[in-house]
Amino acid sequence: MKATSPWRLLFICAFLCGMVLASSSWAADPEKAKQNFNQGLTYEKEGKDSLAIVEYKAAIEEDPQFADAQLNLGAIYFKNKKYQEALVNFKKATELSKENADAWANLGRTQYKLNAYLEAEQAFKQALTLNPNGAEVMKDMGLLYHVQKNWGALIDQMNKYNTLVNNDYLAYYLLGKGLHKVKKTSEAIEAFNKSIQLKPDYFNAHNGLAQVYQDQERHDLAFQAYQKAVGVEPDNYLAVYNMAISYQSMNQKEDGNFENIDQIITYWNQFLKVAKKNPKAKELIPGAEDTIKGLTEMKTALGQG
């Protein structure tokens, strides 16, 4: 048999590889990708996420440059709390569509969920560079700064957001929290009250307002705010605990005795009832029991028993 020369083998290999590449290129069908994408949209609107995922993946396979398919697929994963999968799609979307503010915003939200805060901040900043009036991204950055305890940045971001959206109770709460932390108490009170005005049953705003008053030793106002917080969340042991402390403090007389001892004891018993249901509160229970014992003895000594 006649041997095949080396150059001929190389030519055959190159020809076959070329056929494979040509075949792969020929198989890509942008129109088919659009059909898959549109079918994915239909399934998603019908709440059929698993079928939508199949269609979006098929669209990406047909057209790997299809940024919208990457975005929609990532959004389904995000909605279903599959953040690692969502991260892959949103990263790809930002690579394919670098000027797409939504892609950067979604990437940042996913990184935030994965506790990659520095990366999330960079993604949010890029989204705001592309869309400076992106209110929702400003709010997302506020939540990020809250977690990072970056109070100055939180205040700045929420002030910008509130100029665009002035009816968001959460934004005013976050603003109040930041202002309280930097000891701008009068402004913090105003922000918390605005949050409460927008959502009267929002526990965090009542609780935040109470903490400001408690820090100021305005015990009567702190008590009133804690009462409202407990009215919203009766089983929040810390709020009930602070309500009892505030009521006791506002009833302390100059001689160290107390007025309304029975009511003070009632509030401490309310705390104990809640605390004994929550393992996190166990360290506070002995102190509350000692306080009740001391108040009971004081009541007897004052001839009120």
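The values are calculated or read from the model by the stated rules, or taken from the named source; none is laboratory data. All of these numbers come straight from a predicted model, not from anything done at the bench. Heads up, the Cβs are rebuilt from the backbone with ideal geometry, glycines too, and the neighbour counts pull from every protein chain shown.
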Next on the checklist: Condition first: among the aliphatic types (A, V, I, L, M), modelled with pLDDT of 50 or more and either closer than 21 Å to Lys82 by Cα or in a helix (DSSP H, G or I) (or both). Can you find one or more residues in segment 39-49 that meet it?
Outcome noted: yes
Next on the checklist: Suppose the filter is modelled with pLDDT of 95 or more, part of a helix (DSSP H, G or I) and either farther than 22 Å from Lys149 by Cβ or of a type in the set (Asp, Glu) (or both); does Phe192 pass it?
Outcome noted: no
Next on the checklist: Quick check on my filter: what residues within segment 96-121 are surrounded by fewer than 18 Cβ atoms within 10 Å (Cβ to Cβ) and either within 18 Å of His146 (Cβ to Cβ) or in contact with a Lys or Arg (Cβ under 9 Å, 6 or more places away or on another chain) (or both)?
Outcome noted: Lys113, Leu114, Asn115, Ala116, Tyr117, Leu118, Glu119
Item to check | Filter result for Gly152 (surrounded by fewer than 16 Cβ atoms within 10 Å (Cβ to Cβ), under 30 Å from Ile285 (Cβ atoms), of a type outside the set (S, T, N, Q) and out of contact with any strand residue (DSSP E or B) (no Cβ under 7 Å at 6 or more places or on another chain)) | outcome: no
Checklist entry - So which residues in segment 262-305 are in a loop (DSSP other than H, G, I, E, B), surrounded by 11 or more Cβ atoms within 10 Å (Cβ to Cβ) and in contact (Cβ under 8 Å) with a residue 24 or more places away in the chain? => result Asn278, Leu302
Checklist entry - Any idea which of Leu154, Leu130 is more than 25 Å from Lys228 (Cα to Cα), aliphatic (A, V, I, L, M) and in contact with a Leu (Cβ under 8 Å, 6 or more places away or on another chain)? => result Leu154
Item to check | Options Val212, Val147, Val137; residue that is over 27 Å from Met250 (Cα atoms), of a type in the set (Val, Ile, Thr) and crowded, with 19+ Cβ neighbours inside 10 Å | outcome: Val137
Checklist entry - Can you name the helices (runs of 4 or more DSSP H) wholly within segment 100-187 that have at least 1 residues being under 23 Å from Asp201 (Cα atoms)? => result 135-148, 151-164, 169-181
Checklist entry - Within segment 223-241, can one find any residue that is in contact with a strand residue (DSSP E or B) (Cβ under 9 Å, 6 or more places away or on another chain) and either in contact (Cβ under 8 Å) with a residue 40 or more places away in the chain or assigned to a helix (DSSP H, G or I) (or both)? => result no
Checklist entry - Here are Glu136, Glu95: which of them is closer than 25 Å to Tyr173 by Cβ and at pLDDT 95 or above? => result Glu136
